[in-house]
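> So that we are looking at the same thing, I have put the structure below in structure tokens.
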Amino acid sequence: MTRDLPSGIVTFLFTDVEGSTKLLHELGADAYGAALLEHRRVLRDTFNRHGGVEVDTQGDAFFVAFPTGSGAIGAAREAQDALRSGPIRVRIGIHTGTPTLSQEGYVGHDVHLGARIAAAGHGGQVLLSKETLELADVEATDLGEHRLKDFDQPISIFQLGNERFPPLKTISNTNLPHPASSFVGRDTEVVEVASLVQDGARLLTLTGPGGSGKTRLAIEAAATLVPQFKAGVFWVGLATLRDPALVTDAIAQTLGANDGLAKHIGERELLLLLDNLEQVVGSAPELAALVETCPNLKLLVTSRELLRVRGEVEYPVLPLAEPEAVELFCARARTEPDDTVRELCAALDNLPLALELAAARASVLSPKQMLERLSKRLDLFMGGRDADPRQQTLRATIAWSHELLSYEEQQLFARLAVFAGGCTLEAAEEVLEAQLDTLQSLVDKSLLRHAAGRFWMLETIREYAAEQLEDSGEVEEWRRRHAEYFLALAEEAEPHLPPFEREWIDRLDREHDNLRAALDWLEAALETQLLQRLAGALARFWFMRGHGREGGERLERAVAADEGRTPARLKALNGASLLANTETPGPDRYATEALSLAEALGDRAGVGQAKLALAAVASQADMAATRTLYEEAAEVFSELGDEQMLMVTIRGLAWACLALADIERGRALHEENLQRARALGNTRIEAVTLGALSTTYIEEGRTDVALPMLLESHRLHEQLNDPMQTAFDIFRFAMLLTEAGAPEGAATVLAAADARAADAGADLTAWDPVPMGEMLAKQREQLGDDVFTAARERGFDLTAEQAFAVALKHCGLAE
């Protein structure tokens, strides 16, 4: 056997079929068997063509060895392309090492690591170890460091290509950034910060001037604490925010909390790293209250000033010690330490950012030349009498780096400050008329960063750039161009939002900080018509992404800014009615005015939107009126040929009919919508409609009809990576099992649904096709208190995947 296997440096490739049990039930045994055979044929042919040797096959999984990393990667890419059109999706993991080759095959650490990497992925995804990536020149996405079962140290994992997949299935539960540069010095500080958190500090603030290394220290310390927090360690970047009221919204977005942040966190053991809080320090009382409400929550904060709230512990981040400062400069500048380097570091007050900026000039200036030039700049750039000396030094360092730029570089450096949260190359070219060579030069000089297709600045540097822009006298021109560019982007994206086109939603997500900056400037510049257009165009995005509070407030201000009866005001009114709090008279006021204005302007689409908004309000009190409004809105969208908005409206109309006990019509409308969604490729409407239909059949006891619908709804929601709808699907399974006479399985699955909904920020008790209390009482009566309680406790510990497995087993579809 060993004669045929590669030896020395070997690249291992592991595959596994995703969701094989579920696929078996969906396709049937015969069709699944045929698909599995075709999958094996495709993989074997592909591996053979690229020089792979099959080591082992277990069930539907392959273990293949390649003599080269490029061969394994090429085989993985070709295999995924060949399987893409079929029903079977495989996860692939690739790792390169030097295993021991025995008479029985390969043994050693590298074999197990490759298998663990493969198991962390998802169908259609190819994961690479760092060792494999270093052997091949391919485009890969850095997924960061992850902890894998049976491995003590974190493992760097990369994904072939840049397609979006759910988070990896690893031990880590964190979104901590993965800095590209090595961490130099601060070992003692990392231990001290981590110890303070472990020893009871619940609100620990790292203070220091800009550039002192607070963020990097906090990230390194938080990384060591990941295993200590069962619910995870999460980073929340606040540098682009200016409104303290949005801090908790930003935290909620990071955690996926859609139904109250404190309720979502509850008693979870959670660490939040809140980075750059100084410009929104007004949020401190709300954060202190959150810590008091959630007993196992801890906050690690970086800020240039203290929060000054009860329970706060301060940890000042001082300049580096001389040996560490010299080590950092030499590592970045690739030079050897000497007295001149030590003098240069001292002149920079041993501040990490200042050292990084100085080291970036090492390719053109010696440490002696840097010291001479820096000394001159320090004399020229002095802060006020009350300024922190370290901030004076940092300002001088940035100013010195700026002085060394060419005129074109200085111009672009200043203008880039108009972007909040960075920008794409296309945006820089169109808004600023930027030249690629100039952008690259700024990146090379460490004044601009480039990652994940975006250019961005460290916040301290961006502040200095903004000052230069203000001094140029051109700030209004460039802010106008910036606002006009992002207005055009929002309006281009607008028609793609009702069909839930993820590419456009994700694009608006990436540009949200720029969109906020554009709104701020339009409001301050009294460009009220443009303000109303932009805010109105973003309403559905805000609604979909859980930014209802922020969007509602912005739309309220936009509506109040200009009472002219224009199309821009109509757009803002319809947006405000979508986002306004339904417990107040607000949405009715907005929607009523929107309907009147749309009719006056002859805007039929505006009429439809307004009637749709009025239907949502009327449902609180008068379901018959709701149905009529939905019918009228549907007539408008049908007349306009707007199939996407028609689907949204028909979904509401079907719900109203069912609520009025008109089951036959409600079901027929859902069926009609299902066909329309499939024809138009709207997967979201298809999935939620299948779920709604399954509910109607479950209520009638027709579980045989409901089950395939529910399975397909779940499959689509997994594809969409929609955790809230997945929780509702689990809840529907609990309903089905209750009706089918399987109370123990129903109790277990219902508890799992409740836990998963809480994770997604939803409340199942507010979603009431069948009262949860009625289900619980029925299960308890049939099982008895002890069995019922035990089943519920098991359910709360289940993952979504495990909950579905339990449900399928009780349905007789799984072992």
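> Give segment 199-215 a look and list any residue that's closer than 13 Å to VAL313 by Cα and either open to solvent by 40 Å² or more (accessible area, probe 1.4 Å) or of a type outside the set (S, T, N, Q) (or both), or say none. Working first, answer last.
Step one: of segment 199-215, the residues closer than 13 Å to VAL313 by Cα are 199-207.
Residues satisfying the conditions are ASP199, GLY200, ALA201, ARG202, LEU203, LEU204, LEU206.
> Taking the options ALA517, ALA493, ALA535, name whichever one is buried (at least 23 other Cβ atoms within 10 Å of the Cβ), outside any loop (DSSP other than H, G, I, E, B), over 18 Å from the mean Cα position of the chain (by Cα) and touching a residue at least 24 places away in the same chain (Cβ under 8 Å). Let's see the steps before the verdict.
Values: ALA517 fails: buried (at least 23 other Cβ atoms within 10 Å of the Cβ); ALA493 fails: buried (at least 23 other Cβ atoms within 10 Å of the Cβ).
Residue meeting the stated conditions: ALA535.
> Among the residues of segment 426-435, what is the count of those that are assigned to a helix (DSSP H, G or I) and either touching a helix residue (DSSP H, G or I) at 6+ places or on another chain (Cβ under 7 Å) or within 15 Å of MET457 (Cβ to Cβ) (or both)? Outline the logic, then answer.
Keep residues of segment 426-435 that are assigned to a helix (DSSP H, G or I), which gives 426-432.
If we keep only those that are either touching a helix residue (DSSP H, G or I) at 6+ places or on another chain (Cβ under 7 Å) or within 15 Å of MET457 (Cβ to Cβ) (or both) too, we end up with 427-428, 430-432.
Adding up the residues that qualify gives 5.
> Return yes when GLU700 is modelled with pLDDT of 90 or more and charged (D, E, K, R) and no when it is not.
On the way: modelled with pLDDT of 90 or more: no; charged (D, E, K, R): yes.
Judged against the criteria, GLU700 is not a match.
> Hey, among the residues in segment 266-278 that are acidic (Asp, Glu) and closer than 22 Å to PRO295 by Cα, which one's most open to solvent (accessible area, probe 1.4 Å)?
Here is the first cut: in segment 266-278, the residues acidic (Asp, Glu) are 267, 269, 275, 278.
If we keep only those that are closer than 22 Å to PRO295 by Cα as well, we get 267, 269, 275.
Values: GLU267: 143, GLU269: 69, ASP275: 6 Å².
Only one residue tops the list, namely GLU267.
> For segment 546-554, does any single residue satisfy the condition of being of a type outside the set (D, E, K, R), in contact (Cβ under 8 Å) with a residue 60 or more places away in the chain and farther than 20 Å from VAL418 by Cα? Working first, answer last.
Of the residues in segment 546-554, the ones of a type outside the set (D, E, K, R) are 546-548, 551-552.
Going one step further and asking which of them are in contact (Cβ under 8 Å) with a residue 60 or more places away in the chain, we end up with 546-547.
Applying the additional criterion that residues be farther than 20 Å from VAL418 by Cα yields 546-547.
Yes, segment 546-554 contains at least one residue that is of a type outside the set (D, E, K, R), in contact (Cβ under 8 Å) with a residue 60 or more places away in the chain and farther than 20 Å from VAL418 by Cα.
> Mind checking which residues of segment 612-637 are touching a residue at least 24 places away in the same chain (Cβ under 8 Å) and open to solvent by 30 Å² or more (accessible area, probe 1.4 Å)?
ALA616, VAL617, GLN620, MET623, ALA624, ARG627 - these are the residues of segment 612-637 that are touching a residue at least 24 places away in the same chain (Cβ under 8 Å) and open to solvent by 30 Å² or more (accessible area, probe 1.4 Å).
> Could you identify the single residue in GLU312, GLU372, GLU408 that is at pLDDT 90 or above and over 26 Å from ALA239 (Cα atoms)? Spell out how you get there, then give the answer.
Values: GLU312 fails: over 26 Å from ALA239 (Cα atoms); GLU372 fails: at pLDDT 90 or above.
Going through GLU312, GLU372, GLU408 in turn, the sole match is GLU408.
> From the list ASP16, ASP30, exactly one residue is charged (D, E, K, R) and farther than 14 Å from ALA79 by Cα. Which is it? Walk me through how you get there before you give the answer.
Numbers: ASP16 fails: farther than 14 Å from ALA79 by Cα.
Result: ASP30 is the single residue among ASP16, ASP30 that is charged (D, E, K, R) and farther than 14 Å from ALA79 by Cα.
> So how many residues does segment 538-549 have that are in a helix (DSSP H, G or I) and surrounded by 19 or more Cβ atoms within 10 Å (Cβ to Cβ)? Even if it seems obvious, please write down each step before you answer.
Keep residues of segment 538-549 that are in a helix (DSSP H, G or I), which gives 538-544, 548-549.
So of that shortlist, the ones also surrounded by 19 or more Cβ atoms within 10 Å (Cβ to Cβ) come out as 538-542.
Matching residues across segment 538-549 total 5.
> Here's something else I'd like to know. Might you check whether a residue that is within 14 Å of VAL236 (Cβ to Cβ), open to solvent by less than 40 Å² (accessible area, probe 1.4 Å) and in contact (Cβ under 8 Å) with a residue 60 or more places away in the chain occurs anywhere in segment 279-286?
no
> Another question about this same structure. Take LEU36 and tell me if it is surrounded by 16 or more Cβ atoms within 10 Å (Cβ to Cβ), assigned to a helix (DSSP H, G or I) and under 31 Å from the mean Cα position of the chain (by Cα).
On the way: surrounded by 16 or more Cβ atoms within 10 Å (Cβ to Cβ): yes; assigned to a helix (DSSP H, G or I): yes; under 31 Å from the mean Cα position of the chain (by Cα): no.
Spelling it out, it is not the case that LEU36 is surrounded by 16 or more Cβ atoms within 10 Å (Cβ to Cβ), assigned to a helix (DSSP H, G or I) and under 31 Å from the mean Cα position of the chain (by Cα).
> Among what's in segment 5-40 and is of a type in the set (Asp, Glu) and under 23 Å from ALA120 (Cβ atoms), pick the residue that is modelled with the lowest pLDDT.
Initially, segment 5-40 is screened for residues of a type in the set (Asp, Glu), giving 16, 18, 26, 30, 38.
Narrowing further to those that are under 23 Å from ALA120 (Cβ atoms): 16, 18.
Working: ASP16: 91, GLU18: 87.
Ranking the candidates gives GLU18 first.
> THR100: under 28 Å from GLY453 (Cβ atoms) and hydroxyl-bearing (Ser, Thr, Tyr), yes or no?
Details: under 28 Å from GLY453 (Cβ atoms): no; hydroxyl-bearing (Ser, Thr, Tyr): yes.
Here the answer is no, as THR100 does not meet what is asked.
> Quickly run through segment 323-354 and pick out the residues that are assigned to a helix (DSSP H, G or I) and closer than 30 Å to LEU203 by Cα.
Looking only at segment 323-354, we keep the residues that are assigned to a helix (DSSP H, G or I), and these are 323-333, 339-347, 352-354.
Of everything in segment 323-354, those that are assigned to a helix (DSSP H, G or I) and closer than 30 Å to LEU203 by Cα turn out to be GLU324, ALA325, LEU328, PRO352, LEU353, ALA354.
> Among the strands (runs of 3 or more DSSP E) lying completely within segment 93-198, list those that include at least 3 residues that are surrounded by fewer than 17 Cβ atoms within 10 Å (Cβ to Cβ) and on the phi > 0 side of the Ramachandran plot. Before the answer, list the steps.
Details: elements: 100-102, 105-107, 126-129, 140-146, 155-160.
Ranges flagged: none.
> For segment 556-573, give me each residue that is within 15 Å of THR592 (Cα to Cα), open to solvent by less than 20 Å² (accessible area, probe 1.4 Å) and under 29 Å from the mean Cα position of the chain (by Cα).
Of everything in segment 556-573, just one residue is within 15 Å of THR592 (Cα to Cα), open to solvent by less than 20 Å² (accessible area, probe 1.4 Å) and under 29 Å from the mean Cα position of the chain (by Cα), namely ALA572.
A quick yes/no check of all residues on (1) touching an Asp or Glu at 6+ places or on another chain (Cβ under 9 Å); (2) farther than 16 Å from GLU459 by Cα; (3) not aliphatic (A, V, I, L, M):
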residue: LEU217; (1), (2), (3): yes, yes, no
residue: ALA221; (1), (2), (3): yes, yes, no
residue: PRO227; (1), (2), (3): no, yes, yes
residue: VAL233; (1), (2), (3): no, yes, no
residue: LEU241; (1), (2), (3): yes, no, no
residue: ALA245; (1), (2), (3): yes, yes, no
residue: THR254; (1), (2), (3): no, yes, yes
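> Sticking with this one: Considering only segment 39-70, state which residues are β-branched (Val, Ile, Thr), in contact (Cβ under 8 Å) with a residue 40 or more places away in the chain and either assigned to a helix (DSSP H, G or I) or surrounded by fewer than 17 Cβ atoms within 10 Å (Cβ to Cβ) (or both).
Step one: of segment 39-70, the residues β-branched (Val, Ile, Thr) are 42, 46, 53, 55, 57, 64, 68.
After this cut, where a residue has to be in contact (Cβ under 8 Å) with a residue 40 or more places away in the chain as well, the list is 42, 53, 55, 64, 68.
Across segment 39-70, the qualifying residues are VAL42, VAL53.
> Do you know which of the residues in segment 14-33 that are among the small types (Gly, Ala, Ser) and in a helix (DSSP H, G or I) is nearest to GLY69 (Cα to Cα)? Even if it seems obvious, please write down each step before you answer.
Here is the first cut: in segment 14-33, the ones among the small types (Gly, Ala, Ser) are 19-20, 28-29, 31, 33.
Filter once more, so that each one left must be in a helix (DSSP H, G or I): 20, 29, 31, 33.
Values: SER20: 28, ALA29: 36, ALA31: 35, GLY33: 32 Å.
Per the criteria, the residue is SER20.
> If you don't mind, another one. Quick check on ALA465: is it open to solvent by less than 20 Å² (accessible area, probe 1.4 Å) and under 13 Å from HIS402 (Cα atoms)? It would help to see each step written out before you state the result.
Values: open to solvent by less than 20 Å² (accessible area, probe 1.4 Å): yes; under 13 Å from HIS402 (Cα atoms): yes.
Criteria met by ALA465.
The values are calculated or read from the model by the stated rules, or taken from the named source; none is laboratory data. Computed from a predicted model, the values in this text were never measured in an experiment. Ideal geometry is used to build each Cβ from the backbone, glycine not excepted, and the neighbour counts take in all protein chains shown. Just the protein is used for accessible areas: all its heavy atoms, side chains included, with ligands, DNA and RNA removed. Shrake-Rupley method; radii C 1.70, N 1.55, O 1.52, S 1.80 Å.
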